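The structure appears below as structure tokens.
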Amino acid sequence: MKLHTETEENYLKCILRFSMRGEEKVRTTTIANYLGTKPASVTDMLNKLSKKNKKEEIPLVDYTPYQGVSLTEAGRKVALKTLRKHRLWEVFLVDKLDFSWDNVHDVAEQLEHVDSVELIRALDKFLGYPKFDPHGDPIPTEAGELEIPNTTLLSEVPAGEKVVIASVVRSDPDFLQYLGKLGLAINTRLEVQEHLPFDESIQVKVEEKELIINGNVAQNLKVQMEA
């Protein structure tokens, strides 16, 4: 029998997402906005998750009202397992079923709750043990290890540097479709030519084409410096 509901897994994965961005304590309103639910419902769930786990008898989150929430070691384990399944399914959908990278999240959200260790092991092997999902995010190992690559926001790269797009901060369909129209994707090589202070946009060179990337987009692209 499955130990955790889909809703519980979604909450734990959400908390993990924001903790990986450097938030030591994730606020109730942050979770509510991300999951599209009411703050009162979030409070109820966090209270539930902070109680004893039925099997392991340890809480999944450390929650203090008005101060925020963090994952316990047990909660992080569940969240990483869910995240691993989600990102492996995204790779499968894009690489094997020809889904576009802006059209996989919702389907992967459903598939991530399939509770079969054997299936996920077989899926990982079938895909060739990928390290990253289609959005450039690292895939946790079965042991729960998650290696975060060293990246920089494009908005912070000095003029004259050559970089490669490593991942995206936002993965909503509208943003990814917009990147597609600009001809930008994971592994696209850019040369930063100039920062334009007026609107914080950046002039870059992509192959032989010059492109102006607005400040909002530049703040949502993670890049790695070319060697």
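Computed over neighbours whose Cβ is under 14 Å from that of residue 43, the net charge equals +3, Lys and Arg +1, Asp and Glu -1.
Around the amide H of residue 221, modelled in the peptide plane, lie the amide H atoms of 154, 155, 169, all under 5 Å away and 5 or more residues distant in sequence or on another chain.
If you take mean projected area of the Cα convex hull in nm² from the coordinates, which of (i) 11.8; (ii) 12.7; (iii) 14.1 do you get? Read-out from the structure maps to (iii). Listed values for the stretch 126-141 are Karplus-derived 3J(HN,Hα) couplings in whole Hz (6.51 cos²θ - 1.76 cosθ + 1.60, θ = phi - 60°), namely 4, 7, x, 6, x, 9, 9, 8, x, 9, x, 7, x, 9, x, 6, and x replaces Gly and Pro.
Please go through the residue pairs 85/131; 48/81; 48/131 and name each one whose alpha carbons sit more than 24 Å apart in this structure.
On the way: 85/131 13 Å; 48/81 20 Å; 48/131 33 Å.
Pairs exceeding 24 Å: 48/131.
Please report the net charge: other residues with Cβ closer than 9 Å to the Cβ of residue 138, K and R +1, D and E -1. Local net charge: -1.
Let me have the 222 nm mean residue ellipticity of the chain computed from DSSP H runs of 4+ only, each contributing -39500 (n - 2.57), with the sum over all residues rounded to the nearest 500. Don't skip to the answer; put the middle values down first.
On the way: 8 runs with 87 residues, N = 227.
Mean residue ellipticity, 222 nm, calculated: -11500 deg cm²/dmol.
Near residue 139, the amide H atoms lying under 5 Å from its own belong to 132, 133; only residues 5 or more places off or on other chains count, and H is placed 1.01 Å from N. Placing pseudo-labels 7 Å out from each Cα toward the beta carbon at residue 129 and residue 51 gives an inter-label distance of 4.2 nm. Scanning residues 5 or more positions from residue 62 or on other chains, those with amide H under 5 Å from its amide H are 70, 71, 72, with H placed 1.01 Å from N in the peptide plane. For the stretch 71-86, the residues whose backbone nitrogen is under 19 Å from a point 7 Å from the Cα of residue 7, taken along Cα to Cβ, are 79. Charge tally for residue 84 (other residues, Cβ to Cβ under 15 Å; Lys, Arg +1; Asp, Glu -1): -2. How high is the relative contact order of the chain, in percent, counting Cα pairs under 8 Å that sit 6 or more residues apart? Over the chain, the number comes to 15 percent. The stretch 172-219 and the stretch 105-146 have Cα centres separated by 29 Å. Longest stretch of the chain clear of exposed loop sites (chymotrypsin sites (Phe, Trp or Tyr not before Pro), DSSP loop, at most 12 other Cβ atoms within 10 Å, sites excluded): 67-197.
Can you give me the accessible area per residue for the chain, using a 1.4 Å probe, in Å²?
Details: 13130 Å² over 227 residues.
Dividing the accessible area of the chain by its residue count gives 58 Å².
Accessible-area rank, largest first, for 58, 15: 58, 15, with all protein chains present and a 1.4 angstrom probe. Straight-line cross-link reach from residue 222 at under 15 Å between alpha-carbon atoms covers these aspartates and glutamates, not counting any fewer than eight positions away in the same chain: 133, 137, 156, 161, 191. Hey, with R₀ at 30 Å, roughly what FRET efficiency would residue 43 and residue 170 work out to, going by the Cβ-Cβ distance, to 0.05? It comes to 0.70.
At 1.4 Å probe size, with the rest of the protein present, what percent of the exposed accessible area of the chain is carbon and sulfur atoms? Provide the component values of the computation, followed by the final result.
On the way: 6430 of 13130 Å².
Answer for the chain: carbon and sulfur cover 49 percent of the accessible area.
For the pair residue 159 and residue 193, label points projected 7 Å from Cα toward Cβ lie 1.1 nm apart.
The values are calculated or read from the model by the stated rules, or taken from the named source; none is laboratory data. Just so it is clear, the model here is predicted, and its values are computed rather than measured. We place every Cβ from the backbone using ideal geometry, glycine too, and count neighbours over all the protein chains shown. To get the accessible areas, we keep the full protein, side chains included, count just its heavy atoms, and leave off ligands, DNA and RNA. Shrake-Rupley method; radii C 1.70, N 1.55, O 1.52, S 1.80 Å.
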